[in-house]
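Below: one structure, written as structure tokens.
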Amino acid sequence: ISLVTGPQPFNNPETWEGGLGSWSPERGIWEVGVPTSGPMAAHGGTQCAGTNLDGDYSPNIETRLVSPAFVVPASDQHPALRFWHWWNIGGGDHGKVQVKPVTSTIWTDLTLPYINTSGEDWSYPLVDLTDYAGQEVQVAFYFLAGSTGQSTGWYIDDISLVTGPQPFNNPETWE
């Protein structure tokens, strides 16, 4: 246990190799470490964040993995959140990315719900933060599980705050 004062750093990128860092789980099951279920390996390095790294998540969970506060770059810099994620989520359960200004208590959804499964592969979404340009915010990975539908869960790795236009590779070779 330690008493921490002052602003906590937003590691950019956050790779989880140093543990939970300045992120905080809210009411829940988020943990950081080496997965032994689900994708069976982190996307990069050896550690990732997940709703349960060694089995199925529990029912009746509403939880967030919350970032430290950071200032979103100016809109002309095209700020966005990038991260790798893998999920296998039971029926009726879901995960989504949320944001809130530090002066607010209200979380706003940035993505549609992630449901069912991402398949065998990790995916790499781009989540636009332009509407929050210049504001100090926190982002969260929100997870909701009902009374049924337990499954492996949601795994997050290699989170980055990026700027600049995102390239369109022409042709896209997927390699």
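Brief remarks on what is shown
- Residue identified as among the β-branched types (Val, Ile, Thr) and in contact with a Gly (Cβ under 8 Å, 6 or more places away or on another chain) among Ile106, Ile61: Ile61
- Against the list (1) in contact with a His (Cβ under 8 Å, 6 or more places away or on another chain); (2) open to solvent by less than 50 Å² (accessible area, probe 1.4 Å), the condition Val66 fails is (1).
- Which numbered condition Ser104 misses (of (1) farther than 22 Å from Leu129 by Cα; (2) open to solvent by 30 Å² or more (accessible area, probe 1.4 Å); (3) part of a loop (DSSP other than H, G, I, E, B); (4) not aliphatic (A, V, I, L, M)): (1)
- Evaluation of Val72 against (1) in contact with a helix residue (DSSP H, G or I) (Cβ under 7 Å, 6 or more places away or on another chain); (2) without any contact (Cβ under 8 Å) to a residue 24 or more places away in the chain; (3) aliphatic (A, V, I, L, M) (one fails), failing number: (2)
- Cβ pairs under 8 Å, 6+ apart, first in segment 78-97 and under 15 Å from Ile61 (Cβ atoms), second among the acidic types (Asp, Glu): Lys96/Asp109
- Residues of segment 147-175 classified as over 29 Å from His94 (Cα atoms) and at pLDDT 80 or above, total: 2
- All of Trp122, Trp87 fail the test of being under 15 Å from Trp30 (Cβ atoms), among the aromatic types (Phe, Trp, Tyr), buried (at least 17 other Cβ atoms within 10 Å of the Cβ) and within 17 Å of the chain's Cα centre (by Cα), apart from Trp87.
- Hey, Ser151 open to solvent by less than 40 Å² (accessible area, probe 1.4 Å) and either among the acidic types (Asp, Glu) or not in a strand (DSSP E or B) (or both) or not: yes
The values are calculated or read from the model by the stated rules, or taken from the named source; none is laboratory data. Predicted, not measured: the structure shown is a model, and the values here were computed from it. Cβ: placed from backbone, ideal geometry, glycine included. Neighbour counts: every protein chain shown. Just the protein is used for accessible areas: all its heavy atoms, side chains included, with ligands, DNA and RNA removed. Shrake-Rupley method; radii C 1.70, N 1.55, O 1.52, S 1.80 Å.
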